[in-house]
Structures are given as C-alpha cells and as structure tokens.
1. Round to the nearest 10 and give me the degree value, 0 to 90, for the angle of helix 299-310's Cα axis relative to the longest principal axis of the chain.
2. Return the Rg/Rh value of the chain, two decimal places, where both radii are evaluated on C-alpha atoms and Rh is the Kirkwood radius.
3. Can you give the calculated 222 nm mean residue ellipticity of the chain, where each DSSP H run of n ≥ 4 adds -39,500 (n - 2.57) and the sum is split over every residue, rounded to the nearest 500 deg cm²/dmol?
4. Whole angstrom only: what separates the Cα centroid of the stretch 241-302 from the Cα centroid of the stretch 79-110?
5. So what is the relative contact order for the stretch 271-322, in percent, with contacts set as C-alpha pairs under 8 Å and at least six apart?
6. Taking the Cα atoms of the stretch 163-260, what is the range of coordinates along each of the three principal axes, in descending order and whole Å?
7. Where does each of 186, 346 land when they are ranked from fewest to most other beta-carbon atoms within 10 angstrom?
8. Provide the percentage of antiparallel DSSP beta bridges, counting only those with both residues in the chain; round to the nearest 5.
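Just so it is clear, none of the values below were taken in a lab; they were calculated from the coordinates. Please read these numbers as outputs of a predicted model, since none were measured by experiment. A quick note on method: Cβ atoms are made from the backbone with ideal geometry, for glycine too, and the neighbour counts reach across all protein chains shown.
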Ligand code: EZ4
Ligand code: CO
C-alpha cells in the first residue's frame with residue numbers, strides 16, 4: 001500500500017482549521033488535525049511545502065516509523081508548528097489503519113477501558129447570578145463537571161468570560177481567537193484576580209453543594225508563589241483541578257507550588273513533547289497532563305506520555321477547546337477511551353457551521369463523550385463546504401498590565 005496524495009485543507013467555518021487529508025493507492029483516505037490557533041498558515045505551509053512531498057510513495061501502515069522519520073529527519077525538533085504538522089500525519093495514518101482494519105481507532109489502541117469519557121464544560125459569568133445560570137445551563141445539558149471562570153472587578157477584558165464585552169466589540173462566547181488584522185489587547189491585574197477568585201468559588205460551593213466537580217483555568221498568569229497562594233486559598237472549595245497556574249516553561253517552579261498546596265494541578269495545553277513534562281511527571285508535581293493530540297505530535301506520542309504519567313498516578317485531561325478540530329478531538333477521544341489513566345476530557349462544543357464542514361461520529365450523552373464505532377477516527381470532511389469558508393486572519397488576544405507592561409495571556 002502506498003500514499004498517493006497528501007492535501008492540506010484550510011477552512012474557516014466560525015474559526016480557522018488546518019486539516020491534512022492523506023489518500024492511498026486503493027482510495028482509502030485519512031484525516032489529521034494541524035490547527036494552531038492564530039498561526040494556522042505556518043502549520044499549513046509546513047505540511048504542504050515540507051511534509052506532503054515526503055509522504056508520497058510511503059507505506060501508510062508504518063505509523064511509528066513515519067513519526068520517527070518526520071521528527072528526526074527534520075533536524076529542527078519540537079515546537080508547536082512542527083509538532084502540529086507531525087500530529088496531522090500521525091492522526092491520518094491511524095485513521096487509515098482503522099479503516100483498513102474495519103475498526104475504530106480505540107480498538108487498535110487496546111479497546112475501551114470505560115463506557116465513555118466524562119467531559120467538563122466551560123461555565124462563566126460577569127456576575128454571580130450570570131455564573132450560576134451558566135453552571136445550571138451546563139448541568140441541564142448533561143455536564144457532570146464544570147470549569148468556572150469569572151469576571152474580576154478591576155479587570156476589563158478577561159480570558160474565559162463568555163458574555164464579557166470585549167475590546168473588539170464582540171462577545172467572547174466561542175473562543176478567544178478573534179478574527180482581525182491585529183491581536184486584541186486585554187488587561188490584567190494579578191492582585192485583583194487573587195483577591196476575587198476564592199470568594200467566587202465559595203459562592204459557587206454554597207449554591208451547588210460540595211459534590212459538583214469544579215475546575216478553574218489560571219491561564220499561565222501567575223508566578224509560582226502567587227500560584228501557591230491561589231491553590232491554598234482554593235483548598236476549602238475542593239477543586240477537581242487548578243489549570244496552568246504558571247506558564248510552566250520553568251518546570252522547577254512547580255516544586256514551590258506543590259510544597260504549599262494540595263489543590264490538584266493540571267498543566268500542559270501548550271506543551272508539545274514529553275520533554276516539556278519530564279520534571280513535572282518524574283517529581284509528581286502535577287496531577288493531570290493537558291496536552292492535546294493536535295499540538296503534541298499526534299496519538300502516538302500522546303499515548304507514550306500518558307503511559308509514562310500512569311507510573312506516577314498522573315491522569316489525562318486532554319485539551320479540548322474549539323481550536324482543536326473535530327478530527328483532533330476524535331483522536332484524543334479514541335485514546336482517552338482506551339487508556340487506563342483517563343482523568344477527564346475538556347469539551348467546548350464546536351459551532352454548527354463547523355459541523356457542516358466536519359461530520360463526526362462522536363457523541364455527547366449524559367455528560368459523556370464517545371468517539372463512536374466507525375472504522376478509523378470517525379470524522380469526515382466535506383471539501384466543498386470547506387472551500388466555501390476560506391482562511392480569515394485571526395489572532396489570539398494578548399495582555400498588558402495597567403502600567404502598559406505586556407503580561408502572559
Ligand atoms: O485559551 O485553546 O483550557 N483551555 C484553554 C483554551 C486556550 C485556547 C488557545 O488557543 O485554555 O481556551
Ligand atoms: Co487552558
């Protein structure tokens with residue numbers, strides 16, 4: 001069997017997605033996701049100009065070998081552009097292998113370890129009543145775990161608060177990657193944030209009781225000692241996890257956080273290889289790995305990461321925002337269903353326009369995601385529909401402190 005085509009499809013139904021379609025000489029096709037929010041064309045060019053020509057004539061069944069070839073032969077290792085491109089190839093080859101075998105990818109990974117994947121949804125509010133309504137809406141939709149993001153007095157535009165008026169004039173609902181020619185500027189005040197957030201969790205606990213799993217994303221904004229302080233302040237409210245409390249480029253910094261708090265920690269949505277996690281896992285400084293298949297080089301290395309993490313009782317909490325396409329989401333649903341150390345799956349529902357381009361067999365029932373039982377990943381692409389939504393320039397926002405200093409977003 002040989003690969004005869006590798007096409008990169010960039011489409012923007014609601015937001016930009018980069019999809020690789022690999023075709024074999026018997027007409028089998030596989031899809032992979034290389035979407036890199038705000039830098040989509042770099043991943044597309046890497047695939048189209050540098051990777052696709054290397055795939056022609058290769059045996060699509062050699063997944064590990066192809067991964068190693070792309071990772072090592074490029075010489076310039078790692079980085080989100082490289083790893084998103086390799087991820088797309090890896091996913092497409094798993095998709096093809098599943099189709100050849102007539103099995104969903106989770107069966108190739110060892111079969112189901114559970115009936116479905118518990119998902120958490122994103123609730124948010126500019127005020128407490130609005131936040132409570134948002135949590136209730138998610139509970140009504142079946143979610144059994146809720147991420148809570150709140151507006152903060154003294155901060156005008158803050159990550160994760162859907163209804164908050166944005167400098168762009170649009171609502172924040174779907175995702176922060178706004179279309180436009182420049183990144184939108186947001187503001188940040190660490191003290192205001194640290195003062196406000198514990199009270200919000202106290203109010204949520206009082207309203208919804210002690211049992212509902214609650215999560216929170218600090219989105220890389222704190223220093224280790226600030227993160228430690230927040231983790232400690234949130235202990236009475238028993239979080240499922242505190243996410244990305246520091247940027248974590250300095251893995252050693254998490255020792256300090258860990259010494260001070262028993263709030264469980266989840267890190268790594270922007271990480272792209274196991275090396276980004278090495279100290280965090282070996283020293284048991286975190287509880288959940290946040291990588292996505294799309295930004296981590298695909299299913300093959302993500303499997304290795306969770307197997308390494310399993311030895312330290314660390315679980316998965318794969319990144320599932322709308323900037324991971326339905327193909328990328330399917331890849332991690334298959335893996336999450338198969339592994340033993342599944343923790344929880346982030347789920348931001350894709351827009352209905354996105355579903356006109358991607359047809360996914362994945363289901364969300366009673367708070368649980370399932371990738372479905374179609375052979376391969378279970379996602380198709382309507383290329384005609386995709387062509388109707390050409391790329392639109394888009395950037396993630398960035399933050400400045402009130403004195404004008406650029407801050408981590
Ligand atoms: O801001 O994926 O936990 N989820 C997140 C996401 C990220 C976006 C950036 O592209 O932090 O919403
Ligand atoms: Co996050």
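1. 50
2. Answer for the chain: 0.96.
3. Only helices count here, giving -10000 deg cm²/dmol.
4. Rounded to whole Å, the Cα centres lie 23 Å apart.
5. Computed value for the stretch 271-322: 43 percent relative contact order.
6. 43, 37, 21
7. Listed from fewest to most nearby Cβ atoms, that is 186, 346.
8. Here the share of antiparallel DSSP bridges comes out near 50 percent.
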